[in-house]
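Participant: I have a structure I would like to understand better, so I am pasting it below and will then ask my questions one at a time.
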Amino acid sequence: MRSEQDINRTIEKYADTVRRICIIHLKNYDDAEDIFQNVFLKYALCDIAFESDEHKKSWIIRVTLNACKDLLKSFFHRKTTSLDELIEQPAEMPQDNREVLEAVLALPQKYRDVVYLHYYEGYTAAEIGSILGKNVNTVYTLLTRSKNLLREKLEGDGYER
C-alpha cells in the first residue's frame, strides 16, 4: 500500500485528467465521480513501482479508460437511464464551445480517445499508441478520420474552416 502523501500528490496531479476522461466517456458526473474514486483506490492498493511520472500517468489513464469501458458494458448501466438525461440542463458554456464539445462527444469511442489524448492532454501519436495499445500509424489514421468527421459535422452546423 502506498503512503498517504504519495496518494494525495498523485490525486492532486492527475485528478483533472481522470475527471475529464470520465466525463468524455460516461457523460454523467456521478458515474465519473465513482470511476474517479475507483481509479485512485486502485492506485493506492497497487504495488507497481513506476519508472517515471509519465509511466504513472499512462497507467492512470489506462486504468481510467478500462474502468469507463467496464461501466459502459455493465448490465446496470445499459438497462438504466440517468436522471441527468431526463432533466433538461441549462447551457453553462457559450453555444460555439458547446457545439464543438457535442461534436467531439458524438464521435465514435475509438475517435474520442485519440482526440482527447492528443488535443486535450498533448500526447504525441507514439505516446497515444503506447497508452491505447495501438500502432502509431493507426493513431494517425484515427486522428485524421476524427478531424474529417468533426469538419463535416461542424461545417454542416455553419462553421468555417
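Participant: Considering only the stretch 95-105, I want to know if a residue exists there that is modelled with pLDDT of 85 or more, surrounded by 18 or more Cβ atoms within 10 Å (Cβ to Cβ) and not hydroxyl-bearing (S, T, Y).
Facilitator: Going residue by residue through the stretch 95-105, those that are modelled with pLDDT of 85 or more are none.
No: the stretch 95-105 contains no residue that is modelled with pLDDT of 85 or more, surrounded by 18 or more Cβ atoms within 10 Å (Cβ to Cβ) and not hydroxyl-bearing (S, T, Y).
Participant: Now for a different question. Are any residues in the stretch 1-60 of a type in the set (A, V, I, L, M), within 24 Å of E127 (Cβ to Cβ) and part of a helix (DSSP H, G or I), and if so, which ones? Steps first, please.
Facilitator: Narrowing the stretch 1-60 to residues of a type in the set (A, V, I, L, M): 1, 7, 11, 15, 18, 21, 23-24, 26, 32, 35, 39, 41, 44-45, 48-49, 60.
Then drop every residue that is not within 24 Å of E127 (Cβ to Cβ), which leaves 11, 15, 18, 21, 23-24, 26, 32, 35, 39, 48-49, 60.
Answer for the stretch 1-60, where residues must be of a type in the set (A, V, I, L, M), within 24 Å of E127 (Cβ to Cβ) and part of a helix (DSSP H, G or I): I11, A15, V18, I21, I23, I24, L26, A32, I35, V39, I60.
Participant: Can you spot a residue in the stretch 30-44 that is touching a His at 6+ places or on another chain (Cβ under 9 Å) and of a type in the set (D, E, K, R)?
Facilitator: So the first thing to find is which residues in the stretch 30-44 are touching a His at 6+ places or on another chain (Cβ under 9 Å), and the list is 31-32, 35.
Within this subset, residues satisfying the condition of being of a type in the set (D, E, K, R) are 31.
Within the stretch 30-44, one or more residues are touching a His at 6+ places or on another chain (Cβ under 9 Å) and of a type in the set (D, E, K, R).
Participant: Still on this structure, I have one more. Taking A49 as the residue in question, decide whether it is among the small types (G, A, S) and in contact with a Cys (Cβ under 7 Å, 6 or more places away or on another chain). Spell out the reasoning first.
Facilitator: Details: among the small types (G, A, S): yes; in contact with a Cys (Cβ under 7 Å, 6 or more places away or on another chain): no.
Taking the combined requirement at face value, the residue does not satisfy it.
A quick yes/no check of all residues on (1) closer than 18 Å to H25 by Cα; (2) surrounded by 14 or more Cβ atoms within 10 Å (Cβ to Cβ); (3) modelled with pLDDT of 85 or more:
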residue: D113; (1), (2), (3): yes, yes, yes
residue: A125; (1), (2), (3): no, yes, yes
residue: I131; (1), (2), (3): yes, yes, yes
residue: N137; (1), (2), (3): no, no, yes
residue: Y140; (1), (2), (3): no, yes, yes
residue: L143; (1), (2), (3): yes, yes, yes
residue: S146; (1), (2), (3): yes, yes, yes
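Participant: Looking only at the stretch 3-33, which residues are surrounded by 15 or more Cβ atoms within 10 Å (Cβ to Cβ) and more than 21 Å from L101 (Cα to Cα)?
Facilitator: Initial filter on the stretch 3-33 (surrounded by 15 or more Cβ atoms within 10 Å (Cβ to Cβ)): 7, 10-11, 14, 17-26, 28, 31-32.
I7, T10, I11, Y14, listed by residue number.
The values are calculated or read from the model by the stated rules, or taken from the named source; none is laboratory data. This one's a predicted model, so the numbers in the text were calculated from it and none came from an experiment. Please note: Cβ atoms are built from the backbone with ideal geometry, for glycine as well, and neighbour counts cover all protein chains shown.
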